[in-house]
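The values are calculated or read from the model by the stated rules, or taken from the named source; none is laboratory data. Please read these numbers as outputs of a predicted model, since none were measured by experiment. Cβ atoms come from the backbone with ideal geometry, glycine included; neighbour counts cover every protein chain shown.
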Number of protein chains: 2
Amino acid sequence: MSATAKLQVTILGSGTSQGVPMIGCTCPVCRSSDPRDKRTRSSIFLRTPEANLLVDTTPELRVQALREALDRVDAVLFTHAHADHIMGFDDLRRFCDLRGGALPIYGSPETLQGLERIFGYAFNPRKTVPGYVHVTAHPVVGPFELGGLTITPMTVPHGAVQTTGFLFAQHGRRLLAYLSDCQTLPAEAAELMRGVEVLIIDGLRDLPHPTHLNVQGAIEAARLIEAKQTYLTHQTHDKKHADRERDLPPGVGVVYDGMQLEFELK
Amino acid sequence: MSATAKLQVTILGSGTSQGVPMIGCTCPVCRSSDPRDKRTRSSIFLRTPEANLLVDTTPELRVQALREALDRVDAVLFTHAHADHIMGFDDLRRFCDLRGGALPIYGSPETLQGLERIFGYAFNPRKTVPGYVHVTAHPVVGPFELGGLTITPMTVPHGAVQTTGFLFAQHGRRLLAYLSDCQTLPAEAAELMRGVEVLIIDGLRDLPHPTHLNVQGAIEAARLIEAKQTYLTHQTHDKKHADRERDLPPGVGVVYDGMQLEFELK
């Protein structure tokens, strides 16, 4: 058996800020028995032969990590500092313990500032205490290398804030683009992702939303990008997974919690 | 059937700051198949004929609320502002929506200040947006009434901070005392709880800990309080639930996630 190097991607969460089912909701989607309709908050995990990368730390990070038996994280990338993407930050303590040291985190200067405002105790390299979370902050201002991948940040608008999307590439091959929260697709970001193998993009719901792309907007963005395969994420309880997928054009699907994607690396 | 008024208490979470199982841990407790060895972060929910009260908003609040089918919260009490007790705060948004307005929250001035520092957007009564969390802050400086209960705060030391324990009473009957995080038991707090029907108290593990009571310390505190029944909470992966309970003296047990307690009200 040849040991082909792979990038393995696990969808840790695929839901909007309130998750699916929503607390106290009795709609058919929230009462669905399809496991794909159980959505924790949006986050992905990437594994290459060189490193394990986590994107965002949702409030349910512990639940997601246990479900997927994660036992190593080498770096964390943050899209933005909204509650549904960061409130599991303190649970990184376990990954610091397992690693035996501080965890490198990557995000825009604004995102890192937001994290430090809340979790300041994790950012003090002179006060490291075993059992607590400690990070080294790497402000993202351009492409960087991690785990044998070239990661290109893309700034996209999301209401009052800008979020960071990430393009993961190897030797110029655009493997995966992840845009969890975006309202519109700037031309510059579309150009960076053009022809990407897999695009995972915010496609909140059918109705327009002031800070998210809706399904139609996400499909249009995917066409502009010429993504070979597109998956919507950050889903509400708008529609059941199966019904949503049935309505989508060829080459467009929806991610779900626990879904795996695989890319061959050179 | 007589409709006896009751105080129903649900243990939402019974675990320490990292929960049980811990991420990436393969010890026998973390691999236990006993559902009582699955511990989300410590929190309780109280239901009286007049109100539903939540104590703390752990990172897993959404998971706990779905598990217990919670669909109404009338007020939230906070013990302190450490990550494992507050990082689910933003998920209160659903309870605001279901209620149709801001949610009253109670805590020490320091705890409320800690919450406002992180979740400032929830504390602005002039900027209420549907779908977002909004609270009215009630600093706790002495006994207060909620849901037909008299709630007496008790300040106890927990490392560098003070936490607030809560005594729930009706017409002078001391029904339940909840002390999730305490290092030692001040005499004044012991006196307030004396003879309480049920005491739920921090009893982290066998070994001493710099900021928590260990099992022996919790047992001694319970004797001093003369609690009729005591349950340990905030458990680590030190011992399996069944093994821990086997070792405890009569009148002392361990709470677990989903456990229910009931008190008749007058």
| query | Tell me, which helices (runs of 4 or more DSSP H) wholly within the stretch A:54-173 include 3 or more residues that are within 14 Å of chain B (Cβ to nearest Cβ), surrounded by fewer than 18 Cβ atoms within 10 Å (Cβ to Cβ) and at positive phi? | reply | none
| task | Sort out which residues of the stretch B:250-266 are modelled with pLDDT of 95 or more, over 13 Å from B:Ser14 (Cβ atoms) and part of a loop (DSSP other than H, G, I, E, B), and write them in order of number. | result | B:Pro250, B:Gly251, B:Leu265
| request: Working only within the stretch A:46-79, note down all residues that are in contact (Cβ under 8 Å) with a residue 40 or more places away in the chain and over 15 Å from A:Gly13 (Cβ atoms). | output: A:Arg47, A:Thr48, A:Pro49, A:Glu50, A:Ala51, A:Asn52, A:Leu53, A:Asp74, A:Ala75
| query | Quick check: anything in the stretch B:8-15 touching a Gly at 6+ places or on another chain (Cβ under 6 Å) and surrounded by fewer than 21 Cβ atoms within 10 Å (Cβ to Cβ)? | reply | no
| task | Could you tell me whether the stretch B:225-234 includes any residue that is surrounded by 14 or more Cβ atoms within 10 Å (Cβ to Cβ), within 23 Å of B:Gln170 (Cα to Cα) and among the β-branched types (Val, Ile, Thr)? | result | yes
| message | Going by what's in this entry, would B:Leu112 be described as in contact with a Leu (Cβ under 8 Å, 6 or more places away or on another chain) and of a type in the set (A, V, I, L, M)? | response | no
| field | Every residue from the stretch B:204-254 that is under 19 Å from the mean Cα position of the chain (by Cα) and among the aliphatic types (A, V, I, L, M) | value | B:Leu204, B:Leu213, B:Val215, B:Ala218, B:Ile219, B:Ala221, B:Ala222, B:Ile225, B:Ala227, B:Leu232, B:Val252, B:Val254
| Which numbered condition A:Val29 fails, given (1) touching a Ser or Thr at 6+ places or on another chain (Cβ under 9 Å); (2) within 14 Å of chain B (Cβ to nearest Cβ); (3) outside any loop (DSSP other than H, G, I, E, B) | (3)
| Of residues in the stretch B:35-53 being small (Gly, Ala, Ser) and either closer than 25 Å to A:Cys27 by Cα or in a loop (DSSP other than H, G, I, E, B) (or both), the one nearest to the other protein chains (Cβ to nearest Cβ) | B:Ser42
| message | Return the residues of the stretch B:15-26 that are at negative phi and within 9 Å of another protein chain (Cβ to nearest Cβ); say none if nothing qualifies. | response | B:Ser17, B:Gln18, B:Pro21, B:Met22, B:Ile23, B:Cys25, B:Thr26
| field | Failed criterion for A:Cys182 (all others in (1) buried (at least 21 other Cβ atoms within 10 Å of the Cβ); (2) over 27 Å from A:Ser17 (Cβ atoms) hold) | value | (2)
